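Input: one structure, supplied below.
The values are calculated or read from the model by the stated rules, or taken from the named source; none is laboratory data. Note that the structure is predicted; figures quoted are calculated from it, not measured. Glycine gets a Cβ as well: all are built from the backbone with ideal geometry, and neighbour counts include every protein chain shown.
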């Protein structure tokens with residue numbers, strides 16, 4: 001302690017000695033820096049870190065949420081490895097979960113997470129990337145409309161989210177495109193009379209069903225009945241009987257998690273309802289491995305006597321033969337393990353669209369020194385960087401190349417998920433897979449893609 005005596009009187013030395021007995025080595029080093037500052041020897045000040053943040057609000061309590069977050073990170077890594085954006089700013093994801101906690105539902109948790117990101121990163125936040133329709137709507141109407149933060153979703157498909165804000169955009173198509181395609185394929189497969197079976201507790205499930213009804217009736221189809229099911233419905237048998245009472249050609253089924261119960265109840269009651277299980281037909285709102293993993297019923301597989309699929313589904317899906325998709329898939333596999341699922345490419349593209357919009361805004365004079373204004377200018381460019389009238393650019397061409405194209409003139413970003421053209425409502429137009437259920441060589445059910453269609 002004698003080295004410190006020249007700076008402190010006896011009283012101050014006593015206080016200092018007592019304090020030093022209680023501190024760790026790290027605290028001692030901090031104290032030395034304070035003393036150096038006191039005598040005029042200030043430590044070197046670190047330069048300000050050049051970082052922009054992307055809020056990433058995902059369904060991390062589901063596997064899809066994890067791979068969607070990983071898809072975002074894949075794009076971020078590619079851009080950073082090529083030098084980042086705006087002459088050296090690196091991108092970072094601020095990742096949060098929408099998992100419900102206590103009395104807070106998914107929408108509330110998403111909004112809580114987004115607000116916290118805004119509070120922490122306000123002077124470095126570019127945009128927020130969201131997943132589900134519920135979370136996307138909550139964030140778009142708050143951070144988007146009120147705080148003017150660009151919000152882009154890779155997984156929101158609800159019709160009700162179309163046009164909700166000029167600050168909300170999506171790389172996943174709205175349900176009305178899915179409904180339009182399912183309705184047309186139903187007519188093509190000679191299914192002229194259809195019953196609707198859906199869960200009653202989810203607004204977005206009901207929206208898709210309503211869109212299907214509207215599109216199907218425009219094409220001349222007849223809806224025989226619409227039946228709503230509750231979770232653990234005590235009237236399941238009676239409701240199934242109602243569905244089949246008017247002898248529909250097929251049943252349109254949309255359930256969040258209870259396909260297993262639905263098909264199991266049909267299997268149990270088929271004989272009582274005088275149904276030929278081998279000739280039952282279904283239209284599924286989603287193409288999900290969870291359906292066939294939990295419903296090992298072979299009556300769902302194969303073709304009808306007319307040569308049409310017994311069960312078919314439409315799923316927004318990129319053309320996996322394109323160079324853009326193969327580039328994304330290779331880049332993702334290099335970084336992460338696991339199976340590929342729906343909308344992964346859409347989240348990857350969302351990052352590129354934001355980064356390109358930032359470059360375009362910067363080239364037009366917007367400055368990140370005023371982040372509130374910069375976000376507004378960035379938002380104005382989100383729907384422009386995939387302008388069909390511009391020069392086509394693709395992610396496999398390399399970030400440095402495509403960013404220079406964005407700075408130089410009008411561009412049309414063609415991504416891993418497809419064309420990424422975002423219209424005046426914030427909606428994107430994309431490709432769909434038509435799939436059916438088949439029995440594979442191991443005598444297990446699996447979805448088989450039978451057609452890829454571009455829908456507008």
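Among the residues of the range 385-395, how many are modelled with pLDDT of 95 or more and buried (at least 18 other Cβ atoms within 10 Å of the Cβ)?
Residues that pass the stated criteria total 4.
Scan the range 321-342 for residues that are in contact with a helix residue (DSSP H, G or I) (Cβ under 8 Å, 6 or more places away or on another chain), at pLDDT below 95 and closer than 13 Å to residue 415 by Cβ and report the count.
Of the residues in the range 321-342, 0 are in contact with a helix residue (DSSP H, G or I) (Cβ under 8 Å, 6 or more places away or on another chain), at pLDDT below 95 and closer than 13 Å to residue 415 by Cβ.
Moving to a separate point now. Which of the residues spanning the range 196-232 are part of a loop (DSSP other than H, G, I, E, B) and either modelled with pLDDT of 90 or more or touching a helix residue (DSSP H, G or I) at 6+ places or on another chain (Cβ under 7 Å) (or both)?
Filtering the range 196-232 for residues part of a loop (DSSP other than H, G, I, E, B) gives 200-202, 219-221, 230-232.
Those that are part of a loop (DSSP other than H, G, I, E, B) and either modelled with pLDDT of 90 or more or touching a helix residue (DSSP H, G or I) at 6+ places or on another chain (Cβ under 7 Å) (or both): 219, 220, 221.
Say we look at the range 139-160 and pick out the residues that are assigned to a helix (DSSP H, G or I) and modelled with pLDDT under 95; which of these is surrounded by the most Cβ atoms within 10 Å (Cβ to Cβ)? Give the steps one after another, and end with the answer.
Pass one, the range 139-160, residues assigned to a helix (DSSP H, G or I): 139-144, 159-160.
After this cut, where a residue has to be modelled with pLDDT under 95 as well, the list is 159-160.
Values: 159: 18, 160: 14.
Ranking the qualifying residues of the range 139-160, first place goes to 159.
Across the range 271-296, which residue is modelled with the highest pLDDT among those that are within 26 Å of residue 63 (Cβ to Cβ) and in a loop (DSSP other than H, G, I, E, B)?
Applying the first criterion (within 26 Å of residue 63 (Cβ to Cβ)) to the range 271-296 yields 282-296.
When the remaining residues are screened for being in a loop (DSSP other than H, G, I, E, B), the result is 285-288, 295-296.
Details: 285: 80, 286: 75, 287: 70, 288: 67, 295: 64, 296: 69.
For the range 271-296, the residue satisfying everything is 285.
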